[in-house]
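What follows draws every value from the coordinates through simple rules; no lab data is involved. These figures come from a predicted structure and were not determined experimentally. Glycine gets a Cβ as well: all are built from the backbone with ideal geometry, and neighbour counts include every protein chain shown.
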């Protein structure tokens, strides 16, 4: 939860499609809505998604230049050439380096790895590193997660007698490096069917090509893929999740396999890192061999626990230590390295928090939030490795684009020509890279994309840059900065918050980019209790159903200090939440993890909106229900009437004087509640049924169809009334 007001956006679905998914797959309506929201709208695609049948891995040789790369690497192995795997210093690059190094080692290659320093070398291939590798006897460089723009550096490598193979997943420029192979699914004309592999995913495809080279039998190829998955999918999952790649197609397959392997991993480096993370969290040490079995290993766990520690060592010291951790066979050495990563992460957190506090103070003391459209902040000696994270935090807190600059001087005396390294983050509606292009003559260098960028500006040009980019942001937000959007999958009732629901939701895992953690809404809950956890760092809320005090659910507001929690016992609230299972002393209970909480706004559920639309129609107001695109669509069709009639007749056959609800009729027919109410009115008007009791939720009825008499539903007063309302008479 953030301090900035969010606009809740409830997703809508085709009710017929939801009913079809529920019937075909035997799933809850909530699960069906989640599938629909993620683009799985028919039973076949939704069923395959739930069964995690994303298909088999695509042929690696569909990637341009893959065969050339495989031939060159196999030749280097055969002739004992020295190969250097050149990676990036983030978790994607670290895991990609690990995978390729381990595989080449298993094939008997003379292989080394090289990770550049973030501060003294910077991102990607650099000339000094190329010279060192040449002097060390390397004849083949294989990059992972980097290199697609390194034209000059590749030319230097060739001049020094080295071949280069590029494997990358970043955007390609029109001119590519002139080298042995450039493997990147984003290459123009590339035939690979899935374009969203992480760097580690491309590295995995390379080892697949090497393993399958010369194999023509399809069964043998699949067996080779299975072996590679069993050995390397853990690393591929970590890198893919850490790089926030969409979890669909091959990514979903790799991550799903990798997470399953992580639960029972025996790799010393991974075990040590998970154990060290647990000990450093203050939860107490666990035996390394038991730890993965005792904890639910999810994509979120990788994102918030494992990946930050891998990234931290590259931000604070050198990412080569993380590669070393994953390569070691010694549990004792792995434990020492894992503690180094955790120490680096702790230092990163402390540094990040200090810089964030200074940045917030700048915003509050020196900036006018009512007039500015972008925050440009600068500090002396701010750590270059964390300013991007702090920029993200400032953007999240104030919901404005933000650029943080760090300036340094050798002797403590600021000079006009001092270069400030900056990192920017944006929000929807403002393209960061386009704005920087308009400021190009004020910049030393820059690069990035719509939502994030890196740039360098001298001190003397910082004021002019600040004014120029503020003008760009003011134009972009000429109608005001929009509130952040909080997408909501669907409304829920108290009874929906149960183990069966959360266990079905788990079928959609792994959650991540393109398959987000489901966000659900519960409206009109009464707060029964508010209590503190972890010395008030987190808040626990007991929510009760106002219609049934016995129905209570526990909600957790992590990261919200109890003294700052804005609600108290007795308040009625609406909440957006995700669901999880809490296991304690062998008992499993459902808990709600809050994303947002606001005072209750009556009448905001989908069901209430349908009822309100129906009431407006009865009052003669030409309202159109949300599932209907036009006035014509409001009028029930013959098929609509038949569907509801069959449901009523089936209910009446079981018991005379049957009670039905509009919600049930809507759900089983796939027709919105507003039209269901209209259809039931038509049945009453024409004598098909007699309602003996009627409420807002439903009615008690008996069938009263005259024997042998045909009924003209189009003559029903309700239909004539609607035609008049919409001007169709």
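Remarks
- Cβ-Cβ FRET estimate between residue 370 and residue 121, R0 fixed at 60 Å, reported to 0.05: 0.90
- Mean Cα-pair separation over length for the chain, i.e. relative contact order, pairs under 8 Å, 6 or more apart, %: 11
- Normalised contact order of the stretch 374-476, rounded percent, pairs of Cα under 8 Å and 6 or more residues apart: 24
- For the stretch 201-272 and the stretch 656-706, distance of Cα centres in Å: 54
- When 595, 330 are arranged by Cβ crowding within 10 Å, least crowded first, meaning fewest neighbours, the order is 330, 595.
- In degrees, nearest ten, helix 331-366 long axis to first principal axis of the chain (Cα): 70
- Modelled FRET efficiency - R0 45 Å, residue 450 with residue 712, Cβ distances, 0.05 increments: 0.20
- Peptide ranges 176-186, 297-307 listed from the most packed, as the mean C-beta count within 10 angstrom indicates: 176-186, 297-307
- The chain: angle of helix 462-476 to the longest principal axis, Cα-based, in degrees nearest 10: 30
- When you count the other C-beta atoms within 10 angstrom of each residue and take the mean per peptide, 643-653, 425-435, 382-392 line up highest first as 382-392, 425-435, 643-653.
- Degrees separating the helix 199-212 axis from the principal Cα axis of the chain, which is the longest one: 80
- Exposure proxy for 71, 676, 200, 148: other Cβ atoms within 10 Å of each Cβ, ordered fewest to most, give 71, 148, 676, 200.
- Proportion of all alpha-carbon pairs of the stretch 1-142 beyond 22 Å (%): 63
- Extension gain (nm, one decimal) between residue 52 and residue 396, 0.36 nm per residue minus Cα-Cα: 120.5 nm
- Restricting attention to the stretch 469-610, close to 85% of DSSP beta bridges with both partner residues there are antiparallel.
- The stretch 486-599: C-alpha gyration tensor shape, a/c 1.5 cut-off, then a/b vs b/c: rounded
- Label separation (residue 112 vs residue 188): 3.7 nm, computed from points 7 Å beyond Cα along the C-beta direction.
- Most tightly packed first, judged by the mean number of other beta-carbon atoms within 10 Å of their residues, the peptides 351-361, 211-221 read 351-361, 211-221.
- Extension gain for residue 531-residue 170 works out to 125.3 nm (0.36 nm per residue, less the C-alpha to C-alpha distance).
- Per-residue Cβ neighbour counts within 10 Å put 674, 41, 439, 490 in the sequence 41, 439, 490, 674, beginning with the fewest.
- Working from Cα pairs under 8 Å separated by at least six residues, relative contact order for the stretch 606-725 is 27 percent.
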